[in-house]
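Remarks on the structure that follows.
The values are calculated or read from the model by the stated rules, or taken from the named source; none is laboratory data. Keep in mind that what you see is a predicted model, and the values were worked out from it rather than measured. Every residue, glycine among them, receives a Cβ derived from its backbone with ideal geometry; neighbour counts consider all protein chains shown. Areas reflect the complete protein model, heavy atoms only, side chains present, ligands, DNA and RNA absent. Shrake-Rupley method; radii C 1.70, N 1.55, O 1.52, S 1.80 Å.
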Amino acid sequence: MSEPDAAGSRERRRTMNQITDTIREMGVVMTVLNLRAGEQVGLRDVEMKALDVLMRDGAMSAKALGQRLGMHPATMTGILDKLEKAGWVTRERDPDDRRVVLIKPVRERVGEIVRLFAGMNNLATEMLDRYDTPQLETIADFLTSVVAMAKDASKEWGM
């Protein structure tokens, strides 16, 4: 390998390491952010995650939500009992299959969480406005790949 190629390879490796280190740091920072937001509304991190999934993906069964969060069904039941008692979710029969109970977020209640993140969402919009459409597509592709990678890695450990 010639000297310029070696220098380019070292720079590439450094940049790749910076990216993977930043992904790890982002995980830490986002966990802290969610913990602090949860404290504001009296929810634990896993309860915040359950509400986030329901807010983004819509109503689903407790089983589906538990699978999405990688939670044991008994643990999921306890989480949902707490969320229902506090008015964050409702349990309703699926109109298409009365055997299935759907977990639905209470929109008025989850609005409290949406408001907590309004400042962060505004900052994200301002940051993303700095990029053109092709760059945004690359960022979206990269982040989608990171999420898929993390999902695949967590499947290896099972539930």
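For the pair A7 and M127, the difference between a 0.36 nm per residue extended length and the Cα-Cα distance amounts to 40.1 nm. Amide hydrogen proximity for T90: with H placed 1.01 Å from N in the peptide plane, the residues at 5 or more positions away or on another chain lying under 5 Å are K104, V106. Counting only protein heavy atoms and using a 1.4 Å probe, the accessible area of D141 comes to about 100 Å². Applied to the range 90-100, the Karplus parametrisation 6.51 cos²θ - 1.76 cosθ + 1.60 on θ = phi - 60° returns per-residue 3J(HN,Hα) values of 10, 10, 9, 5, 5, x, 8, 8, 4, 6, 8 Hz, with x for Gly and Pro.
Basic side chains Lys and Arg get +1 at the Cβ, acidic Asp and Glu get -1 at the Cβ, and with that the dipole of the range 32-157 about its Cα centre reaches some 600 debye. To the nearest 10, the accessible area of K82 is 90 Å² with a 1.4 Å probe. Rolling a 1.4 Å probe over the protein heavy atoms gives the chain an accessible area of 72 Å² per residue.
For K85, the lysines whose Cα falls under 22 Å of its own Cα, not counting residues fewer than eight places away in the same chain, are K49, K63, K104.
Think of the chain as a dipole: +1 on every Lys or Arg Cβ, -1 on every Asp or Glu Cβ, centred on the Cα centre; then among W88, V32, L128, W88 lies furthest on the positive end. Amide H contacts of M60 (H built 1.01 Å from N, in plane; Pro and chain starts excluded): I103 sit under 5 Å, all sequence-distant by 5 or more or on other chains. Inter-label distance, V29 to D152: 2.6 nm, where each label sits 7 Å from its Cα along the C-beta direction. Within the assembled protein chains, the solvent-accessible surface assigned to L123 is about 110 Å², based on a 1.4 Å probe. Once the Cβ-Cβ distance of A74 and F117 is raised to the sixth power relative to R0 = 22 Å, the FRET efficiency obtained is 0.15. Shape analysis of the range 89-159 places it in the oblate category; the axes a ≥ b ≥ c from the Cα gyration tensor give an a/c of at least 1.5, with a/b not above b/c. Select one label from (i) 18.1; (ii) 16.1; (iii) 18.6: the one whose number is Kirkwood radius over Cα pairs in Å as derived from the coordinates shown. Working out Kirkwood radius over Cα pairs in Å from the coordinates points to (iii).
Nonpolar atom fraction for the range 1-109, defined as the carbon and sulfur part of the 1.4 Å probe accessible area, stands at 53 percent.
Span-like helix check, the chain: qualifying full DSSP H segments, with Cα axial length of 30 Å or more and mean Kyte-Doolittle of -1.0 or more, are 3-41, 133-157. Using alpha carbon centroids, what distance separates the range 1-69 and the range 106-129, in Å? First find each Cα centre; the distance between them is then 17 Å. Considering helices alone, the calculated mean residue ellipticity of the chain at 222 nm is -25000 deg cm²/dmol, with DSSP H runs of length four and up weighted by -39500 (n - 2.57) and normalised per residue.
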